[in-house]
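Here the structure comes first, spelled out in structure tokens, and everything after it is commentary.
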């Protein structure tokens with residue numbers, strides 16, 4: 001009797017930034033694994049009966065769950081919709097994937113960025129305190145994923161790359177604003193750890209293959225302000241659009257009166273770097289050395 005052929009690995013949100021990068025990384029690696037990209041055209045993840053039928057039919061060997069409602073303004077405007085897509089979808093997938101590995105993509109915004117005595121550098125066991133509806137729903141979803149020791153939670157930061165379904169990456173949003181002739185305001189005192197989506201994707205696959213569960217941080221090695229990130233993106237974009245004006249203003253959280261913002265959600269990623277045996281990339285160095293026309297960001 002021949003052995004059963006393993007099912008595919010589901011990649012949800014395959015039309016988005018990181019999900020698409022996961023699909024492209026798998027294809028470029030020449031891996032023999034079967035990858036099942038799940039987009040809205042394939043199945044609506046909030047149609048739970050349809051997803052369950054698909055799960056029973058395909059019997060996936062693993063899940064990388066990237067799909068989410070990730071735009072903070074949309075989540076603030078519709079908390080119920082955000083919880084449906086970010087919490088309930090994740091809960092159902094975690095329950096169906098009870099016997100297989102699953103990697104769930106969460107966010108550095110699980111932290112409020114305001115702890116005393118240090119600047120960022122959050123570790124996996126630090127207390128979370130989300131400030132936005134989007135971050136709240138990701139933290140709620142983490143609770144369901146943590147119930148299974150085979151499942152992994154990956155908190156990441158700003159990801160750079162190309163989103164097939166439309167502008168979604170921070171670099172795409174900046175480029176769209178500049179092409180529309182707008183000046184962008186970027187804070188000099190709000191810090192993140194940007195990373196290329198292709199680098200995130202490579203590590204998501206490696207984590208899935210490791211079979212390790214738990215919480216992991218996955219972000220760039222550099223602590224950069226929003227303004228510093230904007231300057232790096234402008235420098236990179238200038239290589240392909242040298243005549244495009246890219247005006248930006250240096251702003252500050254001091255006196256800011258909008259929705260709550262976390263000033264420093266930079267992450268300590270040493271746990272995952274040790275597990276995978278490679279350091280996290282520095283975003284500025286990656287931008288300068290990345291191959292052009294690779295299609296991977």
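Throughout, read-outs are computed from the coordinates displayed, never taken from laboratory work. As the structure is a prediction and not an experimental result, all values here were calculated from the model. No Cβ is skipped: glycine too gets one built from the backbone with ideal geometry, and neighbour counts run over all protein chains shown.
Brief remarks follow.
- In summary, segment 187-297 shows an alpha-carbon radius of gyration equal to 1.24 times the 2.2 N^0.38 Å reference for compact globular proteins.
- Within a Gaussian network of the chain (alpha carbon springs, distance under 10 Å), most fluctuating of 224, 208, 237: 237
- Cβ-based exposure ranking for 246, 102, in which fewest neighbours within 10 Å come first: 246, 102
- Per-residue extension of 0.36 nm, minus the Cα-Cα distance of residue 239 and residue 47, leaves a gain of 64.8 nm for this segment.
- Paramagnetic label zone (point 7 Å from Cα along Cα-to-C-beta, residue 31; backbone N under 15 Å) in segment 84-110: 101-105
- Linear extension gain, residue 221 paired with residue 143, 0.36 nm per residue minus alpha-carbon span: 25.4 nm
- Working note: Debye formula, equal point scatterers on the alpha-carbon atoms of segment 8-134, no solvent; log10 I(q)/I(0) at q = 0.16 Å⁻¹ is -0.87.
- Bridge orientation summary for the chain: considering DSSP beta bridges with both residues in this region, about 5 percent are antiparallel.
- Degrees separating the helix 226-237 axis from the principal Cα axis of the chain, which is the longest one: 80
- Exposure proxy order (Cβ contacts within 10 Å, fewest to most) of 205, 144: 144, 205
- Cα centroid separation - segment 100-139 against segment 24-86, whole Å: 21
- Stokes-Einstein diffusion for segment 88-174 at 37 °C, viscosity 0.692 mPa s, with a Kirkwood radius from C-alpha pairs, works out to 225 µm²/s.
- Gaussian network model of the chain, Cα within-10 Å springs - most flexible of 235, 88, 199: 235
- Sum of -39500 (n - 2.57) over DSSP H runs of 4+, divided by residues of the chain (222 nm, nearest 500): -10500 deg cm²/dmol
- Label-point separation, residue 268 to residue 188 (7 Å along Cα→Cβ), nm: 3.0
- Correct option for percent of Cα pairs over 35 Å apart [calculated from the coordinates] among [x] 16; [y] 13; [z] 20: [x]
- Listed residues 19, 181, 211, most fluctuating in the chain (Gaussian network, C-alpha, under 10 Å): 181
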